[in-house]
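Asks: There's a structure below that I have some questions on.
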Amino acid sequence: MKHTKVKDLLQSTATIAEVNAKGWVRTFRNNQFIALNDGSTLQNIQCVVDFENTPEETLKRITTGAAISVTGALAESQGAGQKYEIQVSKLEILGDSDAEKFPMQPKKHSLEFLRENAHLRVRTNAFGAIMRVRSVLSFAVHQYFQERGFVYVNTPIITGSDAEGAGEMFRVTALPFDGTPRTEEGKVNFKEDFFGKETNLTVSGQLEAETFAMALGQVYTFGPTFRAENSNTSRHLAEFWMIEPEVAFNDLNDNMDLAEDFIKYVVKYTVDKCAEDLKFLDGRLMEEEKSKPQAERSEMSLLEKLNFVLENDFKRVSYTEAIDILRDSTPNKKKKFNYIINEWGADLQSEHERFLVEKHFKCPVILFDYPANIKAFYMRLNEDGKTVRAMDILFPGIGEIVGGSQREERHDVLIEKMKALGIDEEELWWYLDTRRFGTAVHSGFGLGFERLVLFVTGMSNIRDVIPFPRTPMNAEF
């Protein structure tokens with residue numbers, strides 16, 4: 001008999017003489033009542049076992065975490081909380097279950113404990129909800145771009161270029177660690193390596209995506225990226241997913257329009273499709289907030305934050321105006337900021353970004369026209385010679401969630417910027433070719449997918465919104 005998902009059984013409009021359900025035991029009470037979950041919904045379905053006619057050996061094996069199959073009538077529930085239950089006529093245990101060692105017992109576990117058991121944490125309500133939301137968000141990303149005629153491009157994971165200029169990349173090599181081939185100068189001879197040159201895991205697919213935008217008009221990437229930054233903060237991962245659209249003939253204003261429209265679309269889609277999971281996560285966040293000091297509590301619930309983004313136009317503010325606001329702000333004057341703003345040119349920190357969003361403007365903010373010396377080489381230089389056509393989108397509780405720019409399309413200006421930063425022209429000859437052959441105004445942005453999931457789920461640590469987090473000294477699972 002084909003099994004039916006728990007979600008569909010709970011949404012049934014009538015009783016059914018016989019159904020089959022398969023899933024994992026969440027709880028087993030009084031040798032009679034099983035709470036069964038199969039991952040299709042946050043809710044469990046109650047299965048009532050005929051314990052008098054069920055072998056004692058079978059009853060002993062019905063433990064938390066056990067995978068089982070139950071067959072019986074879908075009947076109106078005798079208890080409160082749900083409409084239907086399964087009155088079990090046949091029960092089969094599908095595999096072994098060591099009740100004494102199964103770590104996901106029906107009680108509240110710390111997030112740190114759950115990270116140590118990332119292979120099992122998705123069986124909890126919280127992580128089941130998070131991963132369902134992540135899945136829907138991922139689908140919404142593709143649907144948004146596909147509906148608008150964007151071409152999905154798979155850019156390389158292994159690359160010989162550093163798009164960000166940060167130098168914090170994971171090296172990819174087939175050379176032996178013992179007896180590594182050397183040049184006459186004593187340096188590693190990468191000519192003998194697999195690719196014949198030094199290669200790394202990519203930090204961004206942007207540069208390659210730009211080349212495709214110059215032929216296909218509008219493209220996007222959505223894939224894994226890597227940073228070898230030795231950071232253990234709640235906002236950084238060594239492996240994460242990036243969404244990067246690139247659009248020919250778009251200037252900075254078009255780019256800001258696209259980013260705002262995109263974010264509102266995917267958030268709205270997820271709010272509509274994941275109402276049950278988001279309601280649960282909203283309640284979870286409210287409980288978490290109660291344990292914090294009053295001054296640190298969020299002024300908005302999760303659902304309020306999501307609607308805050310959907311219902312407000314994003315305020316567009318120049319970096320220069322933002323600096324003036326921050327310099328004159330009360331927390332800056334009273335030295336409450338960890339990083340005091342004294343002069344134009346400062347690189348804004350999360351505390352500054354959140355102040356602008358949550359305290360000053362009280363809506364999402366897009367900052368634009370940043371100082372050239374704190375932004376990447378590929379961003380278009382403004383006529384003032386000191387700022388670039390960059391833009392960052394700032395969200396409540398998160399700070400920066402999107403970074404983008406109008407790209408520098410002028411070959412001579414790009415060459416000069418690369419020289420000033422010591423970037424080898426020969427390394428990026430192919431990128432420069434796009435400025436030599438049919439150059440045009442174009443723009444794009446990058447959105448770290450996990451930052452988006454973090455915002456939508458209300459979680460506070462980015463390690464809790466990716467299935468298996470990769471961070472310094474942690475590559476388990």
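Asks: So, in region 231-253, how many residues would count as being open to solvent by less than 60 Å² (accessible area, probe 1.4 Å) and either on the phi > 0 side of the Ramachandran plot or of a type in the set (F, W, Y) (or both)?
Replies: Result for region 231-253: 1.
Asks: Residues F139, F145: which one is closer than 30 Å to T211 by Cα, open to solvent by 70 Å² or more (accessible area, probe 1.4 Å) and at pLDDT 95 or above?
Replies: After applying the criteria, what remains is F139.
Residues checked against (1) closer than 26 Å to S138 by Cβ; (2) assigned to a strand (DSSP E or B):
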site	(1), (2)
T180	no, no
K191	no, no
F194	no, no
M214	no, no
P224	yes, yes
E229	yes, no
H236	yes, no
E244	yes, yes
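Asks: Mind listing just one residue for me: the one in region 109-127 that is in contact with a Phe, Trp or Tyr (Cβ under 9 Å, 6 or more places away or on another chain) and more than 13 Å from M459 (Cβ to Cβ) and, of those, most open to solvent (accessible area, probe 1.4 Å)?
Replies: Per the stated criteria, the residue is H119.
Asks: Something else about it: Scan region 79-89 and tell me whether some residue there is of a type in the set (A, V, I, L, M), modelled with pLDDT of 95 or more and open to solvent by less than 80 Å² (accessible area, probe 1.4 Å).
Replies: yes
Asks: Among the residues of region 388-397, write down those that are in contact with a Lys or Arg (Cβ under 6 Å, 6 or more places away or on another chain) and part of a loop (DSSP other than H, G, I, E, B).
Replies: Answer for region 388-397, where residues must be in contact with a Lys or Arg (Cβ under 6 Å, 6 or more places away or on another chain) and part of a loop (DSSP other than H, G, I, E, B): just P396.
Asks: When T211 is evaluated against the numbered criteria (1) buried (at least 18 other Cβ atoms within 10 Å of the Cβ); (2) of a type in the set (V, I, T); (3) in contact with a Ser or Thr (Cβ under 6 Å, 6 or more places away or on another chain), which criterion, by number, is the only one it fails?
Replies: (1)
Asks: Any idea how many residues of region 38-58 are open to solvent by 80 Å² or more (accessible area, probe 1.4 Å) and under 42 Å from the mean Cα position of the chain (by Cα)?
Replies: 1
Asks: Now a separate question. Which of the residues spanning region 38-85 are of a type outside the set (G, A, S), without any contact (Cβ under 8 Å) to a residue 60 or more places away in the chain, in a strand (DSSP E or B) and within 30 Å of L278 (Cβ to Cβ)?
Replies: If the condition is that a residue be of a type outside the set (G, A, S), without any contact (Cβ under 8 Å) to a residue 60 or more places away in the chain, in a strand (DSSP E or B) and within 30 Å of L278 (Cβ to Cβ), then I45, Q46, C47, I68, V70, E85 are the ones that fit.
Asks: Filter region 370-387 down to the residues that are assigned to a strand (DSSP E or B) and not polar (S, T, N, Q), then identify the one that is farthest from N253 (Cα to Cα).
Replies: P371
Asks: If you don't mind, another one. In region 255-289, which residue that is small (G, A, S) and within 30 Å of E147 (Cα to Cα) is surrounded by the fewest Cβ atoms within 10 Å (Cβ to Cβ)?
Replies: This residue is A275.
Asks: Does G196 satisfy being open to solvent by less than 40 Å² (accessible area, probe 1.4 Å) and on the phi > 0 side of the Ramachandran plot?
Replies: So G196 passes the test.
The rows are residues; the columns are (1) in a helix (DSSP H, G or I); (2) modelled with pLDDT of 95 or more; (3) under 31 Å from the mean Cα position of the chain (by Cα); (4) of a type in the set (V, I, T).
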site: A420; (1), (2), (3), (4): yes, no, no, no
site: E425; (1), (2), (3), (4): no, no, no, no
site: F445; (1), (2), (3), (4): no, yes, yes, no
site: E450; (1), (2), (3), (4): yes, yes, yes, no
site: V456; (1), (2), (3), (4): yes, yes, yes, yes
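The values are calculated or read from the model by the stated rules, or taken from the named source; none is laboratory data. As the structure is a computational prediction, the values presented were derived from the model and not from experiment. Reconstructed Cβ throughout: ideal geometry from the backbone, glycine too, with neighbour counts over all protein chains shown. Areas reflect the complete protein model, heavy atoms only, side chains present, ligands, DNA and RNA absent. Shrake-Rupley method; radii C 1.70, N 1.55, O 1.52, S 1.80 Å.
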